[in-house]
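Read-outs throughout are calculated quantities, based only on the coordinates presented, and are distinct from any laboratory measurement. Computed from a prediction, not measured in an experiment: that's the story for all the values here. Cβ coordinates were reconstructed from backbone atoms using ideal geometry, including for glycine residues, and neighbour counts include every protein chain displayed.
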Amino acid sequence: MSQLPAILEIGHPTLRKTAQPVDPLDPALPDLIDRMINSVLEANGMGLAAPQIGESKRVVIVASRPNARYPHAPEMPLTALINPKITPLSDEIELGFEGCLSIPGIRGRVPRHAQIRLSYQQLGSNDWVHVDWSGFLARVAQHEIDHLDGLLWLDRIEDNREIVSEAQHFAADT
Ligand code: NI
């Protein structure tokens with residue numbers, strides 16, 4: 001088995017680049033998606049964006065399911081989003097805790113749109129899929145798509161007092 005790609009951490013310049021659109025029919029794409037899925041499962045992430053493994057491409061994996069890092073996450077099938085885009089469906093903004101595999105050790109309460117329409121392409125097709133997500137999944141989608149635009153959750157924080165250590169977060173969660 002090949003070694004898992006390293007997950008880049010804050011400070012790496014690739015995390016700050018705008019990622020490039022991807023052709024869903026690109027023959028290199030299945031391998032990239034495989035590597036991303038292996039990485040996100042191994043790291044107990046809720047999602048992963050291709051720039052986090054050093055590929056500045058507009059590809060995201062959403063991998064929401066309850067695990068040690070996110071015990072209350074909703075269960076859903078692993079989904080690869082190609083060239084994903086978001087339209088807010090209301091003006092409602094929610095604060096909720098987020099972590100990021102590229103910012104180890106801390107969590108923060110980040111404002112996000114409560115309801116979104118997510119549009120994306122799937123492997124092997126030029127068609128667009130449209131789904132409406134709210135709550136936790138809307139948050140994961142916004143967090144991951146920010147990665148494609150060179151943004152991290154810390155950039156969205158409006159008050160530094162909303163940042164806590166991961167250990168403190170879990171202590172408060174029980
Ligand atoms: Ni992240």
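Using a Förster distance of 22 angstrom, determine the FRET efficiency expected from the C-beta separation of Gln122 and Leu4, and round it to 0.05. All intermediate terms of the calculation are to be shown ahead of the outcome.
On the way: r = 24 Å, r/R0 = 1.08.
Calculated value: 0.40.
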Self-check item: Selection from Pro21, Leu89, Ile103, by position along the positive dipole direction of the chain (Cβ)
Solution: Ile103
Practice problem: Mind sorting Lys85, Lys57 by how few other Cβ atoms lie within 10 Å of their own Cβ, fewest first? | Solution: Lys85, Lys57
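Relative to the Cα centre, what is the charge dipole magnitude of the chain, using +1 at the beta carbon of each Lys and Arg, -1 at the beta carbon of each Asp and Glu, and rounding to the nearest 20 debye?
Values: 15 positive and 23 negative charges, 26 e Å.
In debye, rounded to 20, the chain gives about 120.
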Quiz item: What nm value, rounded to one decimal, do you get for the distance between Asp23 and Ala172 when each label is placed 7 Å out toward the C-beta?
Solution: 4.8 nm
Exercise. Using DSSP, restrict attention to beta bridges with both residues in the chain and report what percent are antiparallel, rounded to the nearest 5.
Key: 95 percent
Quiz prompt | Computed lengthening from Val129 to Arg161, 0.36 nm per intervening residue step minus Cα-Cα distance | solution = 7.7 nm
